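Chemist: Below is the structure I would like to discuss, written out as structure tokens.
The values are calculated or read from the model by the stated rules, or taken from the named source; none is laboratory data. Here the structure is a predicted model, which means the values were calculated and not measured. Ideal geometry is used to build each Cβ from the backbone, glycine not excepted, and the neighbour counts take in all protein chains shown. Accessible surface is based on the protein model in full, side chains and every heavy atom, while ligands, DNA and RNA are left aside. Shrake-Rupley method; radii C 1.70, N 1.55, O 1.52, S 1.80 Å.
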2 protein chains.
Amino acid sequence: MKTLDPANYDHLKLENQLCFPVYAASRLIIRAYQPHLDALGITYPQYLTLMVLWEEETMTVNEIAHKLLLNTNTITPLLKRLEAMKLVSRSRGIDDERKVMISLTDKGRAMREDASSIPFKLVAGLEDKGLTPSMLLNLKQQLHQLIEGMASF
Amino acid sequence: MKTLDPANYDHLKLENQLCFPVYAASRLIIRAYQPHLDALGITYPQYLTLMVLWEEETMTVNEIAHKLLLNTNTITPLLKRLEAMKLVSRSRGIDDERKVMISLTDKGRAMREDASSIPFKLVAGLEDKGLTPSMLLNLKQQLHQLIEGMASF
DNA sequence: CGCATTTATATCGCGCGCGATAAATATTTA
DNA sequence: TAAATATTTATCGCGCGCGATATAAATGCG
């Protein structure tokens, strides 16, 4: 029995944490997306934002932020950059002047076609590394459970 | 069978992605750590860096970056901030002048004591949300597999 | 030895991510 | 209706995270 430490700090070791693997995996996945997104000229958070809009073409800033579990002050400048790239348009709500409606432009809508092959490429890359689709599905479901539990914090 | 879309873009839906849950979970976990780390006056990446040094008191910038799967240009300024807080010290390597040795100070070493209760509090909070320790362990192991596969990209 | 190459760290610029705060509009309530 | 409150978005500052680049020290090689 090793007693190098007066107290037992094993629970503070990086390898025993859940937080670090999630954090590291997130960055590694974003890195894997990078070359594909570079080809489209967008960043990973911008890609996620477009995915939201590809499902529903017009949404408020708040609704997008809620879907992505982000604060509005994070996506406000992001949406302005997407607007500068002519991928979305911004307009004040008619019924409620406080709301800002974000809509896909034709260009933003067209980008879905270019992006549609990306997930397949990523999954194929992971399969080459020995990660089966069923394993990824399992992981996804467990993460959804974790998010469900944590989003209510 | 719904055919609202000419092509099938289901694989581009947020809920069908693995990338988004990992990304969201990472941020939610960091948010959960926030109040505990605020009490110590450090950020989440700084906390991870200290965890590495709590396991091995002196390491080079490169070794720390490698452990955290980060680039050195990310942690160089981070380490300078830790130095400004008197939590670590920086000194050039004797054998190799290019290397910068990062060492824990007494203050940095002492902070482990204050931090040691954090993981327990977090796990307890998750248990209250219905997430069992065995589920978290399972998730951690799966993430390690994913990281193993992706780190070689 | 002299010079090219590699390695280790640092610098710079940009886009998040978020706490704190502000400003404008809408809603509630006295 | 007038004032207080709430909602929605925007602004600001700071710390990452990383690609591109720079600088200095070490290594390799003719």
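Chemist: Could you work out, residue by residue across B:137-145, how many beta carbons of other chains sit within 10 Å of that residue's beta carbon, and then give the average as an integer?
Modeler: 6
Chemist: Follow-up question, since we're still on this one. Given a 1.4 Å probe and no ligands, DNA or RNA in the count, how much accessible surface is buried by B and A, both sides, to the nearest 100 Å²?
Modeler: Approximately 6300 Å² gets buried when B meets A.
Chemist: Same structure again: To the nearest 10 square angstrom, how much accessible area does A:His36 have with a 1.4 angstrom probe?
Modeler: Near enough 50 Å² of accessible area.
Chemist: Taking only DSSP H segments of four or more residues, each worth -39500 (n - 2.57), what value at 222 nm results for chain B once the sum is divided by all its residues, to the nearest 500 deg cm²/dmol? Don't jump to the answer; show the numbers that get you there.
Modeler: Numbers: 7 runs with 95 residues, N = 153.
Using -39500 (n - 2.57) per qualifying helix, the result is -20000 deg cm²/dmol.
Chemist: Taking a probe of 1.4 angstrom, what is the accessible area of B:Ile118 in Å², to the nearest 10?
Modeler: 10
Chemist: Using the Cβ atoms and a cut-off under 14 Å, what net charge is assigned to the surroundings of B:Arg98, where Lys and Arg are +1 and Asp and Glu are -1?
Modeler: -1
Chemist: Kindly express, to the nearest 10 degrees and within the range 0 to 90, the angle between helix A:19-40's C-alpha long axis and the longest C-alpha principal axis of chain A.
Modeler: For A:19-40 against chain A, the angle is about 40 degrees.
Chemist: Quick check for me: using +1 on Lys/Arg Cβ and -1 on Asp/Glu Cβ, what's the dipole size of the protein assembly as shown about its Cα centre, in debye to the nearest 20?
Modeler: Using Cβ point charges on Lys, Arg, Asp and Glu, the protein assembly as shown gives about 580 debye.
Chemist: I've got another one for you. Relative to the other copies, what are the label-point distances for A:Thr76, with labels 7 Å from Cα along the C-beta vector, expressed in nm at one decimal and sorted shortest first?
Modeler: List, nearest first: 3.3 nm.
Chemist: With all protein chains present, calculate the accessible area of B:Glu97 using a 1.4 Å probe and round the result to the nearest 10 Å².
Modeler: Per-residue accessible area (B:Glu97): approximately 130 Å².
Chemist: Regarding chain B, what's the average projected area of the Cα-atom convex hull, expressed in nm²?
Modeler: Numbers: hull surface 53.5 nm².
Computed as one quarter of the Cα hull surface, the answer is 13.4 nm².
Chemist: Which aspartates and glutamates, if any, have their Cα less than 18 Å from the Cα of B:Lys107, not counting same-chain residues under 8 positions apart?
Modeler: Cross-link targets: A:Asp5, B:Asp38, B:Glu55, B:Glu56, B:Glu57, B:Glu83.
Chemist: Hey, any idea what Rg/Rh is for the protein assembly as shown, computing Rh the Kirkwood way over Cα pairs?
Modeler: Values: Rg = 21.6 Å, Rh = 21.5 Å.
Taking Rh as the inverse mean 1/r over Cα pairs, Rg/Rh reads 1.01.
Chemist: Suppose accessible area is computed on protein heavy atoms with a 1.4 Å probe; arrange A:Ser26, A:Ser117 from highest to lowest. The partial results should precede the final answer.
Modeler: On the way: A:Ser26 10, A:Ser117 40 Å².
In descending accessible area the options line up as A:Ser117, A:Ser26.
Chemist: While we're looking at this one, here's another question. Treating only the Cβ atoms of Lys and Arg (+1) and Asp and Glu (-1) as charged, compute the dipole magnitude of the range B:13-116 about its Cα centre; round to the nearest 20 debye. Please report the intermediate quantities before stating the final value.
Modeler: Working: 14 positive and 13 negative charges, 76 e Å.
Dipole of the range B:13-116, to the nearest 20 debye: 360 debye.
Chemist: Explain nothing, just the number: relative contact order of chain B, from Cα pairs under 8 Å at least 6 residues apart, as a whole percent.
Modeler: Contact order relative to length: 17 percent.
Chemist: For every other residue with a beta carbon closer than 14 angstrom to the beta carbon of A:Gln141, add +1 if it is Lys or Arg and -1 if Asp or Glu, then tell me the sum.
Modeler: After counting each charged neighbour, the total is -1.
Chemist: How much accessible area per residue does chain B have, in Å², with a 1.4 Å probe?
Modeler: That works out to 53 Å² per residue.
Chemist: Provide an ascending nm list, one decimal, of label-point separations from A:Ser103 to the equivalent residue in each further copy; define each label point as 7 Å from Cα along Cα→Cβ.
Modeler: 6.5
Chemist: If the viscosity is 0.890 mPa s and the temperature 25 °C, what Stokes-Einstein diffusion coefficient in µm²/s follows for the range A:25-72 when Rh is the Kirkwood radius over Cα pairs?
Modeler: Translational diffusion coefficient: 212 µm²/s.
Chemist: Measuring nothing but label to label, 7 Å from Cα along Cα→Cβ, what are A:Arg31's distances to the other copies in nm, shortest first?
Modeler: 2.6
Chemist: Taking the rotation axis that maps chain A onto chain B, which residue of A brings its Cβ closest to that axis, and at what distance in whole Å?
Modeler: A:Ser26, 2
Chemist: Gap in Å between the Cα centre of the range A:102-123 and the Cα centre of the range B:78-153?
Modeler: Using only Cα atoms, the two centres lie 36 Å from each other.
Chemist: Another question about this same structure. Check cross-link reach from B:Lys140 to the lysines: straight Cα distance under 20 Å, and skip same-chain residues fewer than eight apart.
Modeler: A:Lys13, A:Lys129, A:Lys140, B:Lys67, B:Lys121, B:Lys129
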